[in-house]
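Visitor: First, the structure itself, so that you have it in front of you.
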Amino acid sequence: QGKWTGSSNWNTIVDPLNGDSFIKVAEIDETGVQPFIESLSRCPKHGLHNPFKAPERYLLFGDISAKAAHMLSLPKVSDFFTRLIQRVAPKSYDQALGEVYVTQKFLENFSGDQVRFLARSFAVPGNHLGQQSHGFRWPYGPVAIITPFNFPLEIPVLQLMGALYMGNKPVLKVDSKVCIVMEQMLRLLHDCGLPVEDVDFINSDGKIMNKLLLEANPRMTLFTGSSRVADKLAVDLKGRIKLEDAGFDWKILGPDVNEVDYIAWVCDQDVYACSGQKCSAQSILFMHENWGASSIISQLKNLAARRKLEDLTIGPVLTFTTEAMLEHMNKLLQIPGSKLLFGGEALENHSIPQIYGAIKPTAVFVPLEEMLKDNNYELVTREIFGPFQIITEYKDNQLSMVLDALERMHAHLSAAVVSNDLLFLQARLSDSLLFLCQHSAFILDSSTRCLQQNGSVTLETVLIPPKVLSSWLFDYL
């Protein structure tokens, strides 16, 4: 409600690099949650502004965005936030700076008139004279935003400003381990003209935040975090929630091997940057046997070995302990044919507290056939929010197994297919062809290009040379 307030309940945050107590956070307990509930309840469901109410606020937020973008472009301010991110969510300087840069560009994008352009409406002619249908971008009104630890500036700023642009009143909760970053950003936004009563900023544990959500009953909640909490909130809030939860993210290397050095570098960045603590981090690599014959594994190993704690290119894992990650690795290694490709050891010569994890960048090979077995699949596709990946290999005739593995995954967030082979990229066409063959029982004779009836056709007996594929399909269809 426009004032910074303290609390009698202090949570001491330990330094993720040495275990010392280095931040005290004033967290709200049950007795202190009522003012936040009352503050949200004062916001009507038509919001703080909308296309009919206080439209000048669209321009206000364009000005706020321009000023904040300018501030983040100043080297002194940019370096301040970069270093602050590094202290609470250790990552390399370049990774932390990238977070500041993305935030600054986002604010630039919504400077000037761009905020009110977000509220562009539409009209559709009606059925008779005098009738029209009008649609407006309308706020929810009172809303809640809950963000994780791994991107303490980028995620909350982008989500918060999006809510404010459209006229909502948010209560914002950032993970207490990193909330100091957003607290400083809020002060900067206030200095750039953000009305102090527009955002409520709360520090609390999950239990208290859950109580606030149930009693304040915001009309929409935006949650970024674990699947377990997301599932609970979806039930508690009766579906009034937007989610970005887990991501067991895959990358497929196709049959054409090109630019091995560059692909290896990208894979290393996708898996191990930010110590793997990204929802978009590469969790599993499907590698065609042609890539298996290349130097990519040795290059991945060499790139991973360059990462060190001194420059935070590898660092503490804030949601998994060392023991938990190594235990998961050992379970994977019990699968027949599995092997440790590199890593698999705790970091040495460090003072990272035991409540956090500290392991070397790790890759475990699991055979594709074993991965797909029911008693292995759930274990192999468990997301480890740290510097950990699964690598497997497939042959030309196993592409359908790869697609089956992807189809069974449920935590989708990001994915990649690395290939310039158009026939490979159109693998779905092959699926359709298989369907035709199985249900119509046709075999293509490649020498005479004639169709013969055969009731016992199987996948192995279907021969479709690429050169005649498109012309045959055209003739047949």
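The values are calculated or read from the model by the stated rules, or taken from the named source; none is laboratory data. Note that the structure is a prediction, hence the values are computed from the model and not measured. As a convention, Cβ positions derive from the backbone with ideal geometry for all residues, glycine included, and neighbour counts pool all protein chains shown. Surface areas here come from the heavy atoms of the whole protein model, side chains and all, with no ligands, DNA or RNA. Shrake-Rupley method; radii C 1.70, N 1.55, O 1.52, S 1.80 Å.
Visitor: Please enumerate the residues belonging to segment 174-199 that are of a type in the set (D, E, K, R), open to solvent by 10 Å² or more (accessible area, probe 1.4 Å) and either touching a Leu at 6+ places or on another chain (Cβ under 6 Å) or not in a helix (DSSP H, G or I) (or both).
Guide: Within segment 174-199, ASP175, GLU197 meet the criteria.
Visitor: Cβ-Cβ distance below 7 Å, separation of 6 or more or different chains: which pairs start in segment 339-354 with a residue that is free of Cβ contacts under 8 Å to residues at least 24 places away in the same chain and end on one that is open to solvent by less than 90 Å² (accessible area, probe 1.4 Å) and not in a strand (DSSP E or B)?
Guide: Taking only residues 6 or more apart or on different chains, the pairs are GLY344/MET329; GLU345/LYS360.
Visitor: I'd like the full set of residues that are of a type in the set (A, V, I, L, M) and either open to solvent by 70 Å² or more (accessible area, probe 1.4 Å) or at pLDDT 95 or above (or both), limited to segment 382-400.
Guide: Across segment 382-400, the qualifying residues are ILE390, ILE391.
Visitor: For segment 204-228, which residues satisfy the criterion of being under 23 Å from the mean Cα position of the chain (by Cα) and buried (at least 19 other Cβ atoms within 10 Å of the Cβ)?
Guide: Those that are under 23 Å from the mean Cα position of the chain (by Cα) and buried (at least 19 other Cβ atoms within 10 Å of the Cβ): MET209, THR221, LEU222, PHE223, THR224, GLY225.
Visitor: Could you list, in sequence order, all residues of segment 49-74 that are open to solvent by 40 Å² or more (accessible area, probe 1.4 Å), among the aliphatic types (A, V, I, L, M) and part of a loop (DSSP other than H, G, I, E, B)?
Guide: LEU74, the sole residue that qualifies.
Visitor: Grab the helices (runs of 4 or more DSSP H) fully contained in segment 75-173, keeping just those with 1 or more residues being touching a helix residue (DSSP H, G or I) at 6+ places or on another chain (Cβ under 9 Å) and open to solvent by 60 Å² or more (accessible area, probe 1.4 Å).
Guide: In segment 75-173, the matching helices (runs of 4 or more DSSP H) lie at 75-88, 93-109, 114-118.
Visitor: Let me ask something else. Which condition breaks for SER294 when tested against (1) more than 26 Å from ALA96 (Cα to Cα); (2) assigned to a loop (DSSP other than H, G, I, E, B); (3) in contact with a Leu (Cβ under 8 Å, 6 or more places away or on another chain)?
Guide: (3)
Visitor: Looking at segment 229-249 only, could you name the residues that are acidic (Asp, Glu), in a helix (DSSP H, G or I) and open to solvent by less than 50 Å² (accessible area, probe 1.4 Å)?
Guide: ASP236
Visitor: Could you please find all residues in segment 284-312 being over 30 Å from MET401 (Cβ atoms) and in contact with a Phe, Trp or Tyr (Cβ under 8 Å, 6 or more places away or on another chain)?
Guide: Result: ALA305, ARG307, ASP311, LEU312.
Visitor: Let me ask something else about it. Confirm whether LEU340 is part of a strand (DSSP E or B), open to solvent by 50 Å² or more (accessible area, probe 1.4 Å) and touching a strand residue (DSSP E or B) at 6+ places or on another chain (Cβ under 7 Å).
Guide: yes
Visitor: Also, quick follow-up: Quick check on my filter: what residues within segment 352-381 are more than 30 Å from LEU17 (Cβ to Cβ), assigned to a loop (DSSP other than H, G, I, E, B) and open to solvent by 10 Å² or more (accessible area, probe 1.4 Å)?
Guide: PRO367, LEU372, LYS373, THR381
Visitor: In segment 254-274, what count of residues is obtained for those that are in a loop (DSSP other than H, G, I, E, B) and either closer than 16 Å to LEU368 by Cβ or open to solvent by 40 Å² or more (accessible area, probe 1.4 Å) (or both)?
Guide: So the answer is 5.
Visitor: Right, next: Is there a residue being assigned to a helix (DSSP H, G or I) and on the phi < 0 side of the Ramachandran plot anywhere in segment 275-287?
Guide: no
Visitor: Quick check: anything in segment 224-236 over 25 Å from GLU38 (Cα atoms), in contact with a strand residue (DSSP E or B) (Cβ under 9 Å, 6 or more places away or on another chain) and modelled with pLDDT of 95 or more?
Guide: No: zero hits.
Visitor: Report the residue count in segment 15-36 for those that are surrounded by fewer than 16 Cβ atoms within 10 Å (Cβ to Cβ) and not charged (D, E, K, R).
Guide: 7
Visitor: Can you tell me which residue among ASN330, ASN349 is in a helix (DSSP H, G or I) and open to solvent by 60 Å² or more (accessible area, probe 1.4 Å)?
Guide: ASN330
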